[in-house]
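Q: A single structure is presented below for examination.
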Number of protein chains: 2
Amino acid sequence: MAGWEDIRAEVLSRIRSKAWPLGTLIPGEEALAQEFGVARATVNRALSELARSGVLERKRKAGTRVAALPVRKATLDIPVIRAEVEARGAVYGLRLLRCEMDAPPLPVQARLGQDLGQMLHIETLHLASGRGFVVEDRWLNPAILPNPLPDFAAISANEWLVAHVSFASGDISFAAEAASNSAAAALGIPQGSAVFVTERCTWAPDAPITWVRLVHAPGYRLSTVL
Amino acid sequence: MAGWEDIRAEVLSRIRSKAWPLGTLIPGEEALAQEFGVARATVNRALSELARSGVLERKRKAGTRVAALPVRKATLDIPVIRAEVEARGAVYGLRLLRCEMDAPPLPVQARLGQDLGQMLHIETLHLASGRGFVVEDRWLNPAILPNPLPDFAAISANEWLVAHVSFASGDISFAAEAASNSAAAALGIPQGSAVFVTERCTWAPDAPITWVRLVHAPGYRLSTVL
DNA sequence: CTTTGGTTTATGTGCAGACATAATAGCGTT
DNA sequence: AACGCTATTATGTCTGCACATAAACCAAAG
């Protein structure tokens, strides 16, 4: 019995054994379906998965070819911070450092693509079993926030947002930086330590929602399987 | 005409509008298919995509529910370094710093899960328009390498491997660290600078292939859309 | 020679029906 | 009450067919 996963495995092994070298045009779905004795839809499913993972490149009419420079596609899980802390077996806690209206700095305005005037600025220290885990520096567009606003000292902005504000698109980026004075102080680490920084920007269909910067405590690793 | 993307959009909007709150069990595929006037397969496709992106959780018999704590899933592309450099409009170059058999340090042995004895140790400096871009520190399992080995001063181990060695599984992780003496020297940056580090470990079906550590020059960002 | 437009063709997606599988819920037994 | 078996049920997948669509190719027109 040949399922789509079997087809995928067989195709993969042909690629890896160089029966179908990099860049080759492989047989069409119809031909493969006949060869494997399955329906074309099954072959389609298998090839689509392989294309999604970057092993194949497919174009209508042009056919399917083995990717010349395979680009591995890894999927990262971006959990809510509380879940991340609890997944490590630690007790989650948070401390609200700041929550006020303010004018965002220029880089933030630039990333949001427009000047929204005053925004809600929230800084939160997330704790794992009492130790600083990550500092969250967030700017929120007040115009799109549903009411009532919660007590951000009790529920993190991070978590409240995913539950109460729909988002349409966004981007995320990761970098290494030297810890700033304030972040280092909040995390209790030497100023200038190498820290892992996540920056995220999310948008509702028509307006920006939030820009957030997470400064992780030293030792943080982001990992996934390939 | 309702395609699976329309169904996906409609389901998403119901979730975001709280018509189906977080954690809710949503109607079965059959019911939705009837409501939308499409085949069950079409609903299945839409719901499967949403589950893949972390918005829904599906279990046989248990039904489909809106994820209680939405875990965003972001897909990152892991290109070959040369492609990454060229995508930035820079000219790619490489310099082989070391290529010799040696005993890997304990942490590497640990990550590979076994002591393989002597391994091939390759250090490469990748250049973008003449400037240091990333230092690659790689340990290769000599037992699984196909012959002949190329001239690693002409083609990077990175690139040669994806083209010549099949891989079955692997993991990847990212962290921020202070630059070591040797890495800082190779990249021409102050020792102790915050650098973005990628560590990857790949396996053939039955034996380890390689462990690699990439130290990126300051300013490197890894980004993707959500 | 270049451009335009139709034809061909491989993939993308749809439908209806069927069986497979996993996991729950309920039943009965000990 | 605890355990294990079975029936139920929602999702997962396959088949075979159909039509839609994008893109390459080729031929005709300018």
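Q: State the number of residues belonging to segment B:40-50 that are more than 13 Å from chain A (Cβ to nearest Cβ) and either more than 9 Å from DNA strand C (Cβ to nearest atom) or not in a helix (DSSP H, G or I) (or both).
A: Number of matching residues: 2.
Q: State whether the residues of segment B:1-14 include one that is touching a residue at least 12 places away in the same chain (Cβ under 8 Å), more than 11 Å from every other protein chain (Cβ to nearest Cβ), loosely packed, with under 14 Cβ neighbours inside 10 Å and not in a loop (DSSP other than H, G, I, E, B).
A: Yes.
Q: Residues of segment B:29-56 being surrounded by fewer than 18 Cβ atoms within 10 Å (Cβ to Cβ), near DNA strand D (Cβ under 10 Å from one of its atoms) and among the acidic types (Asp, Glu), which ones?
A: Of everything in segment B:29-56, just one residue is surrounded by fewer than 18 Cβ atoms within 10 Å (Cβ to Cβ), near DNA strand D (Cβ under 10 Å from one of its atoms) and among the acidic types (Asp, Glu), namely B:30.
Q: Test residue B:193 against the stated conditions and say whether it is facing another protein chain (nearest Cβ under 10 Å), more than 29 Å from residue A:17 (Cβ to Cβ) and more than 22 Å from the chain's Cα centre (by Cα).
A: yes
Q: Looking at residue B:191 and the list (1) assigned to a loop (DSSP other than H, G, I, E, B); (2) touching an Asp or Glu at 6+ places or on another chain (Cβ under 6 Å); (3) of a type outside the set (A, V, I, L, M), which single condition is not satisfied?
A: Condition (2) is where residue B:191 drops out.
Q: Among strands (runs of 3 or more DSSP E) lying entirely in segment B:68-149, which contain 2 or more residues that are farther than 18 Å from residue B:212 by Cβ, outside the structural domain of residue B:16 (by TED's automatic domain parsing) and touching a residue at least 60 places away in the same chain (Cβ under 8 Å)?
A: It comes to B:72-78.
The values are calculated or read from the model by the stated rules, or taken from the named source; none is laboratory data. Just so we're clear, the structure is a prediction, and the values are computed from it rather than from any experiment. No Cβ is skipped: glycine too gets one built from the backbone with ideal geometry, and neighbour counts run over all protein chains shown.
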